[in-house]
Each structure stands twice: as structure tokens, then as C-alpha cells.
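Peer 1: To start, I am sharing the structure in question, which I have written as C-alpha cells.
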Amino acid sequence: MTYSNFFHSLKMHFDECRIDECKEKGCRINCDKNKFRHLVIFKGEKIVKKLHKNIKICDCFIYCAIGNSLIVALVELKSKSIKPSKIEEKFRNSVEKIRCMIDLCDGINTTKIKFFPILLYKSVNPIDIKVISALTIRFEKDGSIIYGKCNSNLFEIIKNYD
């Protein structure tokens, strides 16, 4: 499956929410566009405004395709302190928005999507990481938050956690 129609629909419905790269206050996730058949990045704050909700949400929503796999990565970037309860809230709210986006785009079976909740940080308190590593975020099945340093590579994260 190429997912071309899905990506076209995503771009059509959410074009004003698209961004070129996922970065926030000196923290970023590197997305080497040559590694993906399709890659679209959306700014979380713009998605919230488009869907008329005033909620806390992840910084970026990344939809991409590698081979026959459709991947959705929620990315939260932290340049300062991490509060586990706020991180959990942002991921849970963002999952709801993913569902809204997919519903608007028709025709994708969500059980086929590989889901990656990703938290990147500049520095972190080990106690906070212990709490975050115990959290589960449910898309179609429970998944743990993947965490790492700012400037990590999306393709490598997917390869290592798939």
C-alpha cells in the first residue's frame, strides 16, 4: 500500500498546520526526508486551533511511510524541566487529535498504523524519566513513551523501536 491518497488528504485538510521541521526552543527531531516515502509534519498548536479545542498537546505530529508501514509519531520537545503529569496529558490529548485527523482523511485502518510517542529533552531529572518510562499511551494498543536527547533522528528511533 502506498498511502498516497491518505497523505494527499492530510495535506489538503491540514495544509495550514504543516511545518518544515519539528523544533522548539533549541530542541528538535531530525527527519531525513530521503529515508521516507512520504513525510508530513504538523505543528501541534496549529492542529488545536484548526480543531477548535483549547487543550495541551504535543509539539509535533509526524506522519510518514517507510516501506509498507504507515507511521504516526507524536513528538514532545523539552528544553527545560519535564513534568510527567503534563507530558502524559499532552500525549493523551494528542492521540485524540490523531484520531480526528485520520477520520477526516477517510479510509485508513488505524490498526495498521505504527505509533511512536516520542519525548526529546535537553536535560532531565532521572526521577522524572523513571515516572515517564512507566506511563503507557494507548493508540490501538498500549505503548511506552520513547525518550531521548534533543536532535535525535526519527528514522533511527523508528528502526530501533519497531
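What follows draws every value from the coordinates through simple rules; no lab data is involved. Being a predicted model, the structure only gives us computed values, none of them experimental. Cβ coordinates were reconstructed from backbone atoms using ideal geometry, including for glycine residues, and neighbour counts include every protein chain displayed.
Peer 1: Report, in degrees rounded to the nearest 10, the 0 to 90 angle that the Cα long axis of helix 84-105 makes with the longest principal axis of the chain.
Peer 2: For 84-105 against the chain, the angle is about 0 degrees.
Peer 1: Note down the Stokes-Einstein diffusion coefficient of the stretch 4-161 in µm²/s, whole number, using a Kirkwood radius over alpha carbon pairs, 4 °C, and 1.567 mPa s.
Peer 2: Rounded to a whole number, D works out at 83 µm²/s.
Peer 1: Using alpha-carbon pairs under 8 Å, 6+ residues apart, how would you state the relative contact order of the chain in percent?
Peer 2: This gives 25 percent for the chain.
Peer 1: Something else: Which distance in nm do the two modelled labels at ILE19 and ASN5 give, with both placed 7 Å along the Cα-to-Cβ direction?
Peer 2: Going by the 7 Å Cα→Cβ label model, 3.1 nm.
Peer 1: Tally the DSSP beta bridges in the stretch 4-161 and give the antiparallel ones as a percent, rounded to 5.
Peer 2: Beta bridges within the stretch 4-161, antiparallel portion: roughly 60 percent.
Peer 1: With a ≥ b ≥ c taken as the square roots of the eigenvalues of the C-alpha gyration tensor of the stretch 1-84, please select rounded if a/c is under 1.5 and otherwise prolate if a/b is larger than b/c or oblate if it is not?
Peer 2: Since a/c reaches 1.5 but b/c is at least a/b, the shape of the stretch 1-84 is classed as oblate.
Peer 1: Taking the Cα centre of the stretch 98-144 as origin, work out the dipole magnitude from +1 charges on Lys and Arg Cβ and -1 charges on Asp and Glu Cβ, in debye rounded to 20.
Peer 2: 160 debye
Peer 1: May I pose another question? Going down the table (LYS46/LYS130; LYS25/LYS112; LYS46/LYS149; LYS122/LYS159; LYS50/LYS83; LYS83/LYS112), which pairs top 29 Å between alpha carbons?
Peer 2: LYS46/LYS130; LYS25/LYS112; LYS83/LYS112
Peer 1: Using the per-residue mean of other Cβ atoms lying within 10 Å as a proxy for protection, in what order, highest first, do the peptides 115-122, 34-41, 18-25 fall?
Peer 2: 115-122, 34-41, 18-25
Peer 1: Would you work out the charge dipole size for the chain about its Cα centre, treating the Cβ of every Lys and Arg as +1 and the Cβ of every Asp and Glu as -1, and quote it to the nearest 20 debye?
Peer 2: Using only the charged Cβ atoms, the result is roughly 360 debye.
Peer 1: Out of PHE91, TYR3, LEU70, whose Cα points farthest toward the positive end of the dipole of the stretch 1-111 (charges: +1 Lys, Arg; -1 Asp, Glu; placed on Cβ)?
Peer 2: It is PHE91, whose Cα lies furthest towards the positive end.
Peer 1: Can you compute the helix-only [θ] at 222 nm over the chain? Use -39500 (n - 2.57) per DSSP H run of at least 4 residues, normalise by all residues, nearest 500 deg cm²/dmol.
Peer 2: My calculation for the chain gives -11000 deg cm²/dmol from helical runs alone.
Peer 1: If Lys and Arg each add +1 and Asp and Glu each add -1, what is the summed charge of the other residues whose beta carbon sits under 10 Å from the beta carbon of CYS100?
Peer 2: +2
Peer 1: Beyond 16 Å, what percent of the Cα pairs of the stretch 25-72 remain?
Peer 2: Across the stretch 25-72, Cα pairs with separations above 16 Å total 49 percent.
Peer 1: Further, regarding this structure: Can you pull out the cysteines in the chain that have no other Cys Cβ under 4.7 Å?
Peer 2: CYS17, CYS31, CYS58, CYS64, CYS100, CYS105 - these cysteines have no disulfide-compatible partner (Cβ-Cβ under 4.7 Å) in the chain.
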